Amino acid sequence: MSRPQVKRCAVYTRKSSDEGLDQAFNSLDAQREAGEAYAKSQAGEGWRVVATRYDDGGYSGGSMERPALQRLLDDIERGRIDVVVVYKIDRLTRSLADFARIVERFDAKDVSFVSVTQAFSTTSSMGRLTLNVLLSFAQFEREVTGERIRDKIAASKAKGMWMGGVPPLGYDLPEPGTRTLKVNDAEAAIVRHILTRYLELGSVHALQRELQASGIVSKLHTTLAGRTTGGATFSRGALFHLLRNRIYLGQIVHKDQVHPGAHEGIVDDAVFTAVQQHLEANTRRHQLSEQRRVVRAPLIGMIRDAAGEAMSPTFSRSHTGRLYRYYVSASLQQGGKATDDDVVRRVSAVRVEQLLVDRCRRWLRDQTASLDVVREVQVHGDRICVTIAKPMGILIEPASGERLLGSDRTTAQISVPICLGSDRHTSASCGGATTDGPDTTLIAALRRAHRMLAHDSRGPRLEAAPTSIYERKILRFALLAPDIQRDIFAGRQPRAFNLEAFMQGDVLLAWVEQREALGWR
């Protein structure tokens, strides 16, 4: 008579809490002993218990994120297990969906599943039905238990009790047998200082920097397991939470409900109310600023450079407070440097937007047309390719220099010549094109440079030494060739003239060299 094939058995055990696991013989040991005894009773069928233990102590059956369960499933995938034995089905899982996934993995590897106290087999349809019914009751029991716990927490908080967790800065854990937070006087003074300083500074950013410089850190807390948390500098999120925490008024919050707390408040009502009003005002101001920023960047999400990178809106301010808007490629905005290619990665938002509005009104023969009809814009050094939505029946007629790249019933794509120039472009690359009119920024810089000079019979001279780096850079405008200065006042400067590059570059005293370097015709 042939010997039966050996079936390797794994006994899986689980306990939801870690209570009692330090005992010499605990619940996991009892479950494993019952599983091994059942496997021995099947020794005639070739069952042999593997030496590896699969014990999950202190893990809920509502999740599959359990170390021993994951090891068991990995060993099954590697073909090391033939039978899984558990004391009861809910030791494996309490979730019907998780159980279905586990059984699928068992079936894929021809692994049998046995419950010691609930005799059935997963190989038959009736056994599967029995398993599903039992597991449905296990899941129902778990959900009912969860509802009871949540109801108890809600009822306790309604009475002002502290229901566990890390106590906030300013309080210590309740005395054993009570649910009332204790005031920590030293920390309470810090909390009051933080709220007062926020009202004085008016900014969470400034408050964060000041607290960091002062060495004020979050609350130190030691868990029951002996692990220490906290003691770190405050993040902005942590400060926002602290400033809005109603527990400092002696209240307990549960979801959207606010209840009088059993503990003592440590912050004055008037101060707390003022802080909330200031926070709300800042929030509204930031939201309005974001809305304005989106409105003032109508091409956001539609404009790309020649390399296909999205261009995002950004801005800068002059020393006089004047705002300049741009669209900048993502790589450049995220700290990258301009490469040696001819891709334009930064363009004037006002210039591109105004050009598109003018062209769209002409193409669509509609003086009310706006950037709403623009669908996509791609920026090149000498042109932009724009896709617009057009009414059916409208025939796009490109002007001189423009090209119709494609058109269907609802859209049209047109190439429009424009000299934008990359960081390496000069006016020669754009055919020596000039701007469409005077540049007020250049004119203002030129006038300011001349105001710094005094004229007498000996010629121009400095009235006083420049007081700042900016003034020293501005002064170079007065050293430009006379014809270059006249062109600036007349608006005949090359489109590729880069003000920032001129301000950062070397001063060329020879007028011939100036014309060549600046691209003047």
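The values are calculated or read from the model by the stated rules, or taken from the named source; none is laboratory data. Bear in mind the structure is a predicted one, so any value in this text is a computation, not a measurement. Note that each Cβ is placed from the backbone with ideal geometry, even for glycine, and that neighbours are counted across all protein chains shown. In case anyone asks, the SASA skips ligands and DNA or RNA and just uses the protein heavy atoms, side chains included. Shrake-Rupley method; radii C 1.70, N 1.55, O 1.52, S 1.80 Å.
Computed values, structure above
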{"item": "Scan of the range 90-103 for residues that are in a helix (DSSP H, G or I), in contact with a Phe, Trp or Tyr (Cβ under 8 Å, 6 or more places away or on another chain) and surrounded by 21 or more Cβ atoms within 10 Å (Cβ to Cβ), ordered by number", "result": "R91, L92"}
{"item": "Flag if R246 is under 24 Å from the mean Cα position of the chain (by Cα) and open to solvent by 60 Å² or more (accessible area, probe 1.4 Å)", "result": "no"}
{"item": "Odd one out for T222 among (1) within 29 Å of G160 (Cβ to Cβ); (2) open to solvent by 50 Å² or more (accessible area, probe 1.4 Å); (3) out of contact with any strand residue (DSSP E or B) (no Cβ under 6 Å at 6 or more places or on another chain)", "result": "(3)"}
{"item": "Test: G261 is open to solvent by less than 70 Å² (accessible area, probe 1.4 Å) and more than 23 Å from L207 (Cα to Cα)", "result": "yes"}
{"item": "Residue among A30, A37, A24 that alone is exposed (fewer than 15 other Cβ atoms within 10 Å of the Cβ), over 47 Å from the mean Cα position of the chain (by Cα) and not in a helix (DSSP H, G or I)", "result": "A24"}
{"item": "Residues located in the range 150-175, provided they are under 34 Å from the mean Cα position of the chain (by Cα) and in a helix (DSSP H, G or I)", "result": "R150, I153, A154, K157"}
{"item": "Output for the range 360-385, where each listed residue is assigned to a strand (DSSP E or B) and basic (K, R)", "result": "R375, R383"}
{"item": "Residue in the range 63-78 that is touching a residue at least 40 places away in the same chain (Cβ under 8 Å), of a type in the set (S, T, Y), surrounded by fewer than 18 Cβ atoms within 10 Å (Cβ to Cβ) and in a loop (DSSP other than H, G, I, E, B) present", "result": "no"}
{"item": "Scan of the range 386-407 for residues that are open to solvent by 30 Å² or more (accessible area, probe 1.4 Å), part of a loop (DSSP other than H, G, I, E, B) and within 21 Å of Q354 (Cα to Cα), ordered by number", "result": "E397, P398, A399, S400, G401"}
{"item": "Filter result for D107 (of a type in the set (D, E) and farther than 24 Å from T145 by Cβ)", "result": "yes"}
{"item": "Residues of the range 204-250 classified as touching a residue at least 40 places away in the same chain (Cβ under 8 Å) and either more than 20 Å from F272 (Cβ to Cβ) or outside any helix (DSSP H, G or I) (or both), total", "result": "6"}
{"item": "Test: residue in the range 186-198 that is open to solvent by 60 Å² or more (accessible area, probe 1.4 Å), more than 26 Å from V253 (Cα to Cα) and in a helix (DSSP H, G or I)", "result": "no"}
{"item": "Whichever residue in the range 46-62 is assigned to a loop (DSSP other than H, G, I, E, B) and in contact with a Lys or Arg (Cβ under 6 Å, 6 or more places away or on another chain) and, among such residues, is farthest from R8 (Cα to Cα)", "result": "G62"}
{"item": "Top-ranked residue of the range 1-21 - restricted to ones that are outside any loop (DSSP other than H, G, I, E, B) and charged (D, E, K, R), ranked as surrounded by the fewest Cβ atoms within 10 Å (Cβ to Cβ)", "result": "K7"}
